[in-house]
Amino acid sequence: MGILAWIVVGLIAGWLAGMVMRGGGYGLIGDIIVGIVGALLGGWIATTFLHVAGGMTGINLYSILVAFAGAVVLLILVRLVSGRRAYTR
């Protein structure tokens, strides 16, 4: 998958994860980073534990869902480590 596809999927997944986790986003660059790292984490989880091949295959719904799931797991881990609590809107 090309770098532009990683950025687009990362932005979408990071923004969605920020909205679902109710802590707000991390800005444009932060959401992209959370989404890309989440995509890596989600792809690793999908292949290692769920035995699903090809976690990130381009800009499609499957790749966005894998990246989103990984980004949510990443945000949960970051908040557990940092002690940051989500605020309600």
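Observations on the structure shown:
- Helix 27-48 vs. the chain, principal-axis angle (Cα, 0 to 90°, nearest 10): 50
- With contacts taken as Cα pairs under 8 Å and at least 6 residues apart, the chain reaches a relative contact order of 35 percent.
- Gyration tensor (alpha-carbon) shape descriptor, the chain, a/c threshold 1.5: oblate
- Under-5 Å amide H pairs with Tyr26, H placed in peptide plane, nonlocal only: Asp31
- Structure remark: mean-square fluctuation, Gaussian network model of the chain, C-alpha springs under 10 Å; the largest value among Gly43, Gly70, Gly30 belongs to Gly30.
Since every read-out is calculated from the coordinates, none of them should be taken as a lab result. These numbers were taken from a predicted model, which means no experiment stands behind them.
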